[in-house]
1. Considering only residues that are open to solvent by 90 Å² or more (accessible area, probe 1.4 Å) and within 19 Å of residue 65 (Cβ to Cβ), which ones fall in the stretch 28-38?
2. Inside the chain, counting only strands (runs of 3 or more DSSP E) that do not spill past its ends, which hold 1 or more residues that are at negative phi and more than 12 Å from the chain's Cα centre (by Cα)?
Amino acid sequence: MEKTVLNVQGMSCGHCEKAVKSALGELDGVQNVDVSLKDGKVEVEFDSSKATVAVMKDAIEDQGYDVV
């Protein structure tokens with residue numbers, strides 16, 4: 001398992017947190033998602049043989065948030 005931290009802009013409420021967690025949770029290989037609204041960070045634990053950071057970024061951006 002690997003971990004990565006993504007900086008996400010535009011999250012401000014519980015709905016934002018749920019949308020990001022849900023989008024990432026649906027990806028094959030993603031095991032755990034921890035969202036910090038205060039810090040604008042999303043920590044993801046994943047199997048790198050099944051999921052990539054690029055796919056995770058796309059999933060977050062598809063929800064309307066910016067990954068920087």
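1. The answer is 38, and nothing else.
2. Here the list reads 2-9.
The values are calculated or read from the model by the stated rules, or taken from the named source; none is laboratory data. Note that the structure is a prediction, hence the values are computed from the model and not measured. For neighbour counting, all protein chains shown are included, and Cβ atoms are generated from backbone atoms with ideal geometry for every residue, glycine included. All accessible areas refer to the heavy atoms of the entire protein, side chains included, with ligands and DNA or RNA removed. Shrake-Rupley method; radii C 1.70, N 1.55, O 1.52, S 1.80 Å.
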